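Below is one structure; the comments refer to it alone.
The values are calculated or read from the model by the stated rules, or taken from the named source; none is laboratory data. On a predicted model such as this, the values are computed, not experimentally measured, just so you know. Don't worry about glycine lacking a Cβ; one is built from the backbone with ideal geometry, like all the others, and counts go over all protein chains shown. Note: accessible area is taken over every heavy atom of the protein model, side chains too, but ligands, DNA and RNA are not part of it. Shrake-Rupley method; radii C 1.70, N 1.55, O 1.52, S 1.80 Å.
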Amino acid sequence: MSAGLFRIESAGPIDSGGFLGRPGARLFTNKLIWLSVILVVAAGALKMSSEDAAGPAKGQTVGSSNFAATTASTQPSPLSDTDPASSASQSGTVPAAGPPEAAPVNGLRISSQSWRRGGLGSKALLTFTLRNDNDYAVGDIGLLCSFTRADGSPVTERRPTIHDTVKMKSRKTFARMHVGFINVTANRAKCTLLSASRV
């Protein structure tokens, strides 16, 4: 056999024509590595959150020493000669005195309200009267104004705060107060009281 009949070529990479020889193979393998890292991290986070949600393990005590210390310090000694009122004042706790005071917003009410558009139709200008039946003045009054279409479906909500004072046992009218920008399809408005602070 002559040397011209057989031609020997140098062997290239083992997988030159296979998957690894393609141009996007390196990018694909990098994405697979990152995907597996993300899945491992997500599985670990899910396991930790499920253990936290399950609570303490069976037989594990949580804060038992703190509980024993607080109950021991709050219970009066059976051998002490002092009465409970003086021991409460020595320990820094004050006995409860009657029902809690009503919130300032409970003594407020909106006696009348109306609104109109301002600007190019996107501003809501509210005119309303606040009545304060409390025995003290109130301020920083929070409102919730809900705007609806003609069919009653909600469009916009605004939460303005009135940084003014309404004196005790009196009423005050706020005329054309800008409560915010609204949707041009709004047709009706209703404001309710959310909060108030004692002045």
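Looking only at segment 134-160, which residues are touching a residue at least 12 places away in the same chain (Cβ under 8 Å), open to solvent by 70 Å² or more (accessible area, probe 1.4 Å) and within 27 Å of the chain's Cα centre (by Cα)?
ASP140, GLU157, ARG158, ARG159 - these are the residues of segment 134-160 that are touching a residue at least 12 places away in the same chain (Cβ under 8 Å), open to solvent by 70 Å² or more (accessible area, probe 1.4 Å) and within 27 Å of the chain's Cα centre (by Cα).
Take ARG109 and tell me if it is within 18 Å of THR173 (Cβ to Cβ), out of contact with any Ser or Thr (no Cβ under 8 Å at 6 or more places or on another chain), open to solvent by 20 Å² or more (accessible area, probe 1.4 Å) and touching a residue at least 24 places away in the same chain (Cβ under 8 Å).
So ARG109 fits the description; yes.
For segment 124-133, which positions are in contact with a Leu (Cβ under 8 Å, 6 or more places away or on another chain), crowded, with 20+ Cβ neighbours inside 10 Å and not aliphatic (A, V, I, L, M)?
Listed by number, the list holds a single entry, ASN132.
Report the residue count in segment 105-159 for those that are within 13 Å of THR192 (Cα to Cα) and in a loop (DSSP other than H, G, I, E, B).
Matching residues across segment 105-159 total 1.
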